[in-house]
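One structure below.
Computed from the coordinates by the stated procedures, all read-outs in this text should not be read as laboratory data. All figures in this text were calculated on a predicted structure; none of them were measured in a lab. Cβ sites come from the backbone with ideal geometry, for glycine too, and all protein chains shown count toward neighbours.
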Amino acid sequence: MRAPIGHFDDARPAPACLDELTGPVADAVRHWRGSVPADQILYVDTDPEWADTAVFVEHYGRELLEQSANCVVVAGKRGGESTLAGCVVLSTTRVDVNGVVRRQLGARKASFAAMDTATGETGMEYGGITPLGLPGGWPVLVDAAVVDLPYLLVGSGRRRGKLLVPGKAFAELPGAVVLEGLGVA
């Protein structure tokens, strides 16, 4: 199958590639309930040596820089309580942690979660964290610009491989909250 974005040798429906995904991501695909059919979520095999954004887009298509999303784990703290959340923004922007995220989580302070926390809590590899399969109960904050694109490239839960996901599917993830201004230049 030809990928809808990028220059990939092979794009396959994610439900046919569950063995290529981490457990939480495979479970999310297996139990997908959104209006976008699960077979429209595509898996593409990529070389982890080309994972750095500049090298990645040079190899797989420069247009991917504008058609990619990053998912980062943040921690909001208020008193002795800590709330973890996933944040999804276009790769050309950064997450407004101290503004939009802090307010949305009702936190006094918000910051990026430590790598050990992010990987340990998600069951995903650092550099491959994706919003599909984040722990139940977590808010998944999605920048409004993400849902407007026909397809986006996002992590697959591993450093090897990526997912191509219709933008509107991000709004249908469990715990998703679509927010204007989450991603800032």
Legend entry - Per-selection metrics, the range 86-185 (Cα): Rg and Dmax in Å: 12.8, 36
Legend entry - Contact order relative to length of the range 92-185, as percent, for alpha carbon pairs under 8 angstrom and 6 or more apart: 33 percent
Legend entry - Test item: Cα-centred dipole of the chain, Lys/Arg +1 and Asp/Glu -1 on Cβ, debye: 720 debye
Inset, instruction - Using the Kirkwood radius over Cα pairs, work out the Stokes-Einstein diffusion coefficient for the range 145-185 at 25 °C and 0.890 mPa s, in µm²/s as a whole number. - result: 218 µm²/s
Inset, instruction - Whole Å is fine, so just give me how far the alpha carbon centre of the range 1-27 lies from that of the range 159-185. - result: 16 Å
Inset, instruction - Express in whole angstrom the spacing between the alpha-carbon centres of the range 34-103 and the range 107-128. - result: 12 Å
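Note down the relative contact order for the chain as a percent, whole number, built from C-alpha pairs under 8 angstrom at least six residues apart.
On the way: 416 pairs, mean separation 48.9, N = 185.
Once divided by the residue count of the chain, the mean separation gives 26 percent.
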Legend entry - Rg/Rg_globular for the range 1-76, with Rg_globular taken as 2.2 N^0.38 Å and Rg from C-alpha atoms: 1.21
Legend entry - Neighbourhood charge, 14 Å Cβ-Cβ cut-off, centred on Thr122 and excluding it, Lys, Arg +1 and Asp, Glu -1: -2
Inset, instruction - State the answer as a single residue: which of Val89, Val74, Gly61 lies farthest towards the positive end of the charge dipole of the range 1-110, with beta carbon charges of +1 for Lys and Arg and -1 for Asp and Glu, about the Cα centre. - result: Val74
Inset, instruction - Could you work out the per residue convex hull volume over the alpha carbons of the range 7-48, in cubic angstrom? - result: 76 Å³
Legend entry - Viscosity 1.567 mPa s, 4 °C: Kirkwood-radius Stokes-Einstein D of the chain over Cα pairs, µm²/s: 80 µm²/s
Inset, instruction - Express in nm, to one decimal, how much length is gained between Arg108 and Glu66 on full extension, taking 0.36 nm for each residue of separation and deducting their alpha carbon distance. - result: 11.9 nm
Inset, instruction - Could you check which residue among Asp96, Asp45, Asp19 shows the biggest mean-square fluctuation in a GNM of the chain with a 10 Å Cα cutoff? - result: Asp19
Legend entry - Leading residue at positive end of dipole, the chain (Cβ point charges), from Gly123, Leu179, Gly155: Leu179
